[in-house]
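Encoded as structure tokens, the structure appears first; notes follow it.
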Amino acid sequence: MVLLIVPMKVSAEESERRVQVVPCSGSDVDLTYTGSHLEIVRLFSIGCFPGSSYTVSAEMIQTISTNAGVSILEGLIDLGVETSISTSSSVGLTVTNTSNVHSQAALWVSYDDYSAVELDYLGNGTCAVYRSTVEVPDYYLYGFENSH
């Protein structure tokens, strides 16, 4: 087995990324689930004191999509993972600030985290190997910036 390392320019700063080339018979994607995390993707101008509520309106609707490349998306679809989620079903939901401080309304999204290894077929029985991480939106919830 022969291993070849080829430098490739990938960013505006002209930094180098090393691409591994390995023997293979075709392109493939291997995804490994590594965990999940919650993060705020949007804050709203609504602020509520403890015990106060707000109602989710149509203006708060947002669609969150994966940040993955096309070949990774194909691998995710093979696993049955949705590629985007919409918040439209939450219009009219009432959210109450259960904390003890004044807080700003927020849209939270739960992401599933994957490690991805892509084999990109170059021809002549070789593939370039790319390793990356992928965040896939799983579900959304409305709340406050200090609620999750």
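Since every read-out is calculated from the coordinates, none of them should be taken as a lab result. These numbers come from a predicted model, not from an experiment. Methodologically, a virtual Cβ is constructed for each residue, glycine included, from the backbone with ideal geometry; neighbour enumeration extends over all protein chains shown.
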Around His102, which amide H atoms from residues at least 5 apart in sequence, or from another chain, sit under 5 Å from its own amide H, with H modelled in the peptide plane?
none
Sorted by chain and then number, the residues having a modelled amide H within less than 5 Å of the amide H of Ile46, at least 5 places away or on another chain, are Ala105
Leu93 label point, 7 Å along Cα→Cβ, cut-off 20 Å on backbone N: hits in the range 24-51?
36-51
From the Cα centre of the range 45-73 to that of the range 94-108, the distance in Å is 13 Å
Amide H to amide H under 5 Å from Cys127: which residues, 5+ apart in sequence or cross-chain, H placed 1.01 Å off N in plane?
Val22, Cys24, Leu122
By the 4.7 Å beta carbon criterion, which cysteine residues of the chain come out unpaired?
Cys48
Charge context of Arg42, other residues only, Cβ under 15 angstrom, K/R +1, D/E -1
-3
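In debye to the nearest 20, how big a dipole does the chain give about its Cα centre with +1 on each Lys and Arg Cβ and -1 on each Asp and Glu Cβ?
The calculated dipole for the chain is roughly 240 debye.
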